[in-house]
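No lab work stands behind these numbers, since they all come straight from the coordinates. Source: prediction; values computed, not measured. So basically every Cβ, Gly included, is an ideal-geometry build from the backbone, and we count neighbours across all protein chains shown.
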Amino acid sequence: MSDRRYPDTTVGGFQTPPVSFDDDDGRPIRVERNDGSETTFESLVKMYDLFDTSDRAQGIPPVTESQICDWLDTILGDGCFNVIAWHDDEVVGHATLVPDDDDYELAIFVLQSHQEAGIGTQLITNVLGYGHQNGAERVWLSVERWNKPAIGLYEQVGFETSDSENFELRMAIRLQESETWSSPRPCGRGFLRQFRCLQVGQSECLRACPRGTR
């Protein structure tokens with residue numbers, strides 16, 4: 001059981017994939033669950049390989065192709081929930097819920113060419129709906145405190161600030177009342193945070209990771 005603080009009120013009613021919509025720039029977008037295919041994996045690698053360094057925070061997404069593949073091998077594994085945004089045959093966004101103790105950590109990424117077009121909102125609501133549908137109860141994330149657009153988006157969806165330290169805010173949402181979880185969690189404890197530590201170095205990670213999560 002984690003010692004994180006979560007809101008008392010549950011937030012629900014999230015849609016579940018598959019969902020199709022036109023983004024704010026009029027592009028047809030599909031949000032789907034990860035189908036586990038090699039084609040989808042390769043398309044995800046291609047998207048992350050195109051990521052600009054300015055949009056990478058604390059070591060994720062990773063930079064080299066081998067690191068990207070290792071990272072995806074874990075967060076696409078059993079026990080994790082992944083939804084993917086497609087524009088035609090190209091992946092342009094990805095959201096994941098990764099088990100962390102009895103909770104889930106959320107991470108979301110949208111390709112630069114498709115940012116600020118409503119895709120991020122669709123990814124978040126769909127991955128939360130997918131997780132809720134499969135028993136996820138509590139979700140948290142960390143965000144740089146100066147990233148006001150992202151904070152506003154998370155608040156709009158229903159996240160609340162639960163803690164802060166240094167340059168990060170920790171935000172949390174409760175999807176449903178807690179029940180005892182008996183299924184295995186193959187992804188491992190705090191994988192996203194552990195991967196950041198490997199990428200940026202332990203001393204930097206200790207400064208970046210919120211208190212109580214090191």
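Listed values, structure above:
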read-out	value
Charge dipole magnitude, Cβ of K and R +1, D and E -1 - segment 95-176, Cα centre, debye nearest 20	320 debye
Residues whose placed amide H lies under 5 Å from that of E105, excluding near-sequence neighbours	V98, D100, W140
G93 long-range amide H proximity, modeled H, under 5 Å	A85, L111
Whole-Hz couplings from phi, Karplus 6.51/-1.76/1.60, listed for segment 37-50; x for Gly and Pro	7, 5, 4, 5, 4, 5, 5, 5, 4, 4, 4, 5, 5, 7
